[in-house]
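To start, the structure itself, in structure tokens.
The values are calculated or read from the model by the stated rules, or taken from the named source; none is laboratory data. Everything quoted here is computed from the prediction, not taken from an experiment. Here the Cβ positions follow ideal geometry from the backbone for every residue, glycine too, while neighbour counts run over all protein chains shown.
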Amino acid sequence: MSTDSRALSVSAGIIGLFVVGVLVKAVSPTSAVLKVFVPFVIGGAFALMAGGASILKPLTILGITSRATGLLIGFVGLVTFSAGLALLPEDAPEPPTVGATSGNQGQKDVVTTVVEQKSPKKDLMFLGSKAERRDKRLRSLAEEGAELARQNRECLELEYAAVDPEVSRPGHSAFYYNCRVKATAPSDRANLFLTGDEIKSGVIPQFPKPIPESTAWDWCVEYVRRQATFPSSVDVSVWHSSQETIRYPYGNVRINLAFTAKNALGAELPYMARCIITPAGKIEVNISPR
């Protein structure tokens, strides 16, 4: 093998190492890999020197061509490798420890926290008569009940507490707690009810649970039949009727019942019954012509 061929082979081999070094550095950009391939730069310099020295020998057209090619390839390899190292990303710094201080800024790192759905606890607003508000025992009992009411997951925010005038009596306290609930209509407020005995027992209050709509429908139809002059003439129109559960604030079920029935003269007339059934099973009905 001639001197020119050997020089060309050495240059090509070193260039191959340059390419491998760049690829490895790109895949694994670590300082250790960079130190390993730094000697390749020195090898590239030797390749240029060998290619340049061969030009001093007697010239021929073929020799000039091979020497120029070796010199060009060695030069391009060295420049490419050097530029590739300059463009590679720097080693990524390790993330700072949570709660530690930064060495450059001396400030605490920001820790992201998850915001709970419920609103922050605030002082209890206690409504009642002047005497009730001044009664420390009564207020203390109301605050204990407020802690229980806040444990209800449907109560997003406790607005206020008040004495329940319908249930409360001397020696038997009762309260209701107005909560903000997740609802858009007809209201986003609902009440939780607790007696003094329930508060002392640690009972978590619950919102009224509506009865099933199918049961409410049957009760409404039965009520309408009992009110009709001729119960057997009552004919319910399902297409013109509707039913709706109003979860808040009272847990009622509302039924709009369209029907026809015969009056005392035997004439069949259209009517609309609006039934409201409470969780306690009470029913309120309003019947009107339609």
Kindly establish whether S214 is hydroxyl-bearing (S, T, Y), in contact (Cβ under 8 Å) with a residue 12 or more places away in the chain and more than 30 Å from G128 (Cα to Cα).
-> no
Where a residue in segment 187-200 is assigned by TED's automatic domain parsing to the domain that holds Q151 and among the small types (G, A, S) and its partner, wherever it lies, is assigned to a strand (DSSP E or B) and surrounded by 18 or more Cβ atoms within 10 Å (Cβ to Cβ), with Cβ under 7 Å and at least six apart = A190/C179; G196/A174
Reported set for segment 125-153 where residues are part of a loop (DSSP other than H, G, I, E, B) and modelled with pLDDT under 90 is M125, G128, S129, D135
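Return the residues of segment 261-282 that are surrounded by fewer than 16 Cβ atoms within 10 Å (Cβ to Cβ) and touching a strand residue (DSSP E or B) at 6+ places or on another chain (Cβ under 9 Å); say none if nothing qualifies. Let's see the steps before the verdict.
At the first step, the residues of segment 261-282 found to be surrounded by fewer than 16 Cβ atoms within 10 Å (Cβ to Cβ) are 263-270, 274, 279-282.
If the condition is that a residue be surrounded by fewer than 16 Cβ atoms within 10 Å (Cβ to Cβ) and touching a strand residue (DSSP E or B) at 6+ places or on another chain (Cβ under 9 Å), then N263, E268, L269, P270, R274, P279, K282 are the ones that fit.
Kindly evaluate T245 against the criterion of being out of contact with any Leu (no Cβ under 8 Å at 6 or more places or on another chain) and within 30 Å of E154 (Cα to Cα). Give the derivation first.
Details: out of contact with any Leu (no Cβ under 8 Å at 6 or more places or on another chain): yes; within 30 Å of E154 (Cα to Cα): yes.
Yes; evaluated as a whole, the condition is true for this residue.
Taking the options S214, S237, S242, S288, name whichever one is under 37 Å from the mean Cα position of the chain (by Cα), in a strand (DSSP E or B) and surrounded by fewer than 17 Cβ atoms within 10 Å (Cβ to Cβ). Steps first, answer last, please.
Working: S214 fails: in a strand (DSSP E or B); S237 fails: under 37 Å from the mean Cα position of the chain (by Cα); S288 fails: under 37 Å from the mean Cα position of the chain (by Cα).
Just a single option satisfies the conditions, and that option is S242.
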Only listed residue being farther than 21 Å from V285 by Cβ, in a loop (DSSP other than H, G, I, E, B) and among the hydrophobic types (A, V, I, L, M, F, W, C), chosen from I204, I199 | I204
Condition met for E159 (closer than 15 Å to P205 by Cα and either in the same structural domain as N191 (by TED's automatic domain parsing) or at pLDDT 80 or above (or both)) = no
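Could you please find all residues in segment 140-165 being closer than 17 Å to E198 by Cβ and not small (G, A, S)?
As a first pass, look at segment 140-165 and keep what is closer than 17 Å to E198 by Cβ: 140-152, 155, 158, 161-164.
Matches in segment 140-165: L141, E143, E144, E147, L148, R150, Q151, N152, C155, L158, V163, D164.
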